[in-house]
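Novice: Structure below; questions to follow.
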Amino acid sequence: MTLFKIFSHCTLGAALALGGAAAYAAAGKAPDIQASTQTHKIVRIDGKESFIPTRVLALDDIVQYTMDYNNTTAKKLHNIQATFKIPQYMNYVGNSLQPTPTHAKTADSKEWKRYPVLEYVKGIPQEVSPSNYQAFSWVIPTIEPKQTVRITLRSKLVDRPTPVPYSWGFF
């Protein structure tokens, strides 16, 4: 079995009510939001889902990304934007987004569109295939003081990356 390293691409927008995280970093202050991402491989044990922390996958493995956004202040924060890009060689697993995102990007468009993204087939609107989604965006209206908001989604390793020889010096 060939194993591959996976990387998540999660970002936090600078739409903080009290100013962006970058401004706080430049001023030597702690940011208002503490963001973290966990990656767990999903396996079935005795018919039940189990989550195993991992950064290495085999073809057809499914992972769940859990992104936590913690308000570290004593004030409410408003209109926090969070984005997640599906890693290369992986496809989004349909119906696994919690909560529902506000916008998405697809393979057919580099612009953000309202989620769910619709395409017209013979004049009838249909949601694009889950494998066509490439990124998601959420706007978290409010995060209460010391509260954590959690976003989850799943993706599946669908293709093998081309191995890079160690002699190239990238490792």
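Novice: Any idea which of (1) modelled with pLDDT of 85 or more; (2) of a type outside the set (Ser, Thr, Tyr); (3) over 18 Å from ARG150 (Cβ atoms) is the one PHE84 doesn't satisfy?
Specialist: Exception for PHE84: condition (3).
Condition check ((1) of a type in the set (D, E, K, R); (2) not in a strand (DSSP E or B)) across all residues:
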site: SER96; (1), (2): no, yes
site: THR100; (1), (2): no, yes
site: ALA104; (1), (2): no, no
site: LYS110; (1), (2): yes, no
site: LYS113; (1), (2): yes, no
site: PRO116; (1), (2): no, yes
site: PRO125; (1), (2): no, no
site: SER131; (1), (2): no, yes
site: ALA135; (1), (2): no, no
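Novice: Then there's this: Within segment 143-159, does at least one residue satisfy the condition of being surrounded by 14 or more Cβ atoms within 10 Å (Cβ to Cβ), at pLDDT 95 or above and within 15 Å of ARG114 (Cβ to Cβ)?
Specialist: No, segment 143-159 contains no residue that is surrounded by 14 or more Cβ atoms within 10 Å (Cβ to Cβ), at pLDDT 95 or above and within 15 Å of ARG114 (Cβ to Cβ).
Novice: Hey, another quick one. If you scan segment 76-93, which residues turn out to be out of contact with any Ser or Thr (no Cβ under 6 Å at 6 or more places or on another chain), open to solvent by less than 30 Å² (accessible area, probe 1.4 Å), in a strand (DSSP E or B) and not small (Gly, Ala, Ser)?
Specialist: Within segment 76-93, LEU77, ILE80, PHE84 qualify.
Novice: Kindly list, by first and then second residue, each pair from a residue in segment 30-58 that is touching a residue at least 40 places away in the same chain (Cβ under 8 Å) and farther than 30 Å from ILE143 by Cα to a residue that is aliphatic (A, V, I, L, M) and open to solvent by 80 Å² or more (accessible area, probe 1.4 Å), limited to pairs with Cβ atoms under 9 Å and residues at least 6 apart or on different chains.
Specialist: Sorted first by the residue in segment 30-58, then by its partner, the pairs are VAL56/LEU3; LEU57/LEU3; ALA58/MET1; ALA58/LEU3.
Novice: Quick check: anything in segment 60-75 open to solvent by 60 Å² or more (accessible area, probe 1.4 Å) and aromatic (Phe, Trp, Tyr)?
Specialist: Within segment 60-75 (the criterion being open to solvent by 60 Å² or more (accessible area, probe 1.4 Å) and aromatic (Phe, Trp, Tyr)), the answer is no, since none of the residues qualifies.
Novice: Among the residues of segment 94-115, is there at least one that is touching a residue at least 40 places away in the same chain (Cβ under 8 Å), among the β-branched types (Val, Ile, Thr) and open to solvent by 30 Å² or more (accessible area, probe 1.4 Å)?
Specialist: No.
Novice: Then there's this: For segment 29-41, what are the residues that are β-branched (Val, Ile, Thr) and open to solvent by 30 Å² or more (accessible area, probe 1.4 Å)?
Specialist: Result: THR37, single match.
The values are calculated or read from the model by the stated rules, or taken from the named source; none is laboratory data. All figures in this text were calculated on a predicted structure; none of them were measured in a lab. For neighbour counting, all protein chains shown are included, and Cβ atoms are generated from backbone atoms with ideal geometry for every residue, glycine included. Protein only, heavy atoms only, side chains kept; ligands, DNA and RNA dropped before computing areas. Shrake-Rupley method; radii C 1.70, N 1.55, O 1.52, S 1.80 Å.
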